[in-house]
1. When the stretch 15-60 is examined, which residues are found to be of a type in the set (S, T, Y) and in a helix (DSSP H, G or I)?
2. Go over the candidates S12, S63, S69 one by one and state the one that is surrounded by 10 or more Cβ atoms within 10 Å (Cβ to Cβ), modelled with pLDDT of 85 or more and part of a helix (DSSP H, G or I).
Amino acid sequence: MLIFSILLFPKSLTVLGNDTIGYLALLAGVLSLFSLANIFISVPVQTYIQKETPDEYMSRVFSLVSMISRGGMPLDALVYGICS
């Protein structure tokens, strides 16, 4: 997270070059690490929910989890927009 934040500062953009392949590769590498971390977190959480939820409530629980996670996206965008 810290590396990604540093990559967005204007000073780091000028040091690394805004439109260079190196900056793009570094940014892609950091975003790949984010995706990998997301996999290592979301898969065990979903597995735990599946194991602990009775079969008759499975669709209700997963629809609620999906609604909460997708419902938070506009709030995240709002917070990001205010902070940047």
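1. Y23, S32, S35, S42, T47, Y48, Y57, S59
2. S63
The values are calculated or read from the model by the stated rules, or taken from the named source; none is laboratory data. Please read all numbers here as calculations on a predicted model, not as lab measurements. Cβ: placed from backbone, ideal geometry, glycine included. Neighbour counts: every protein chain shown.
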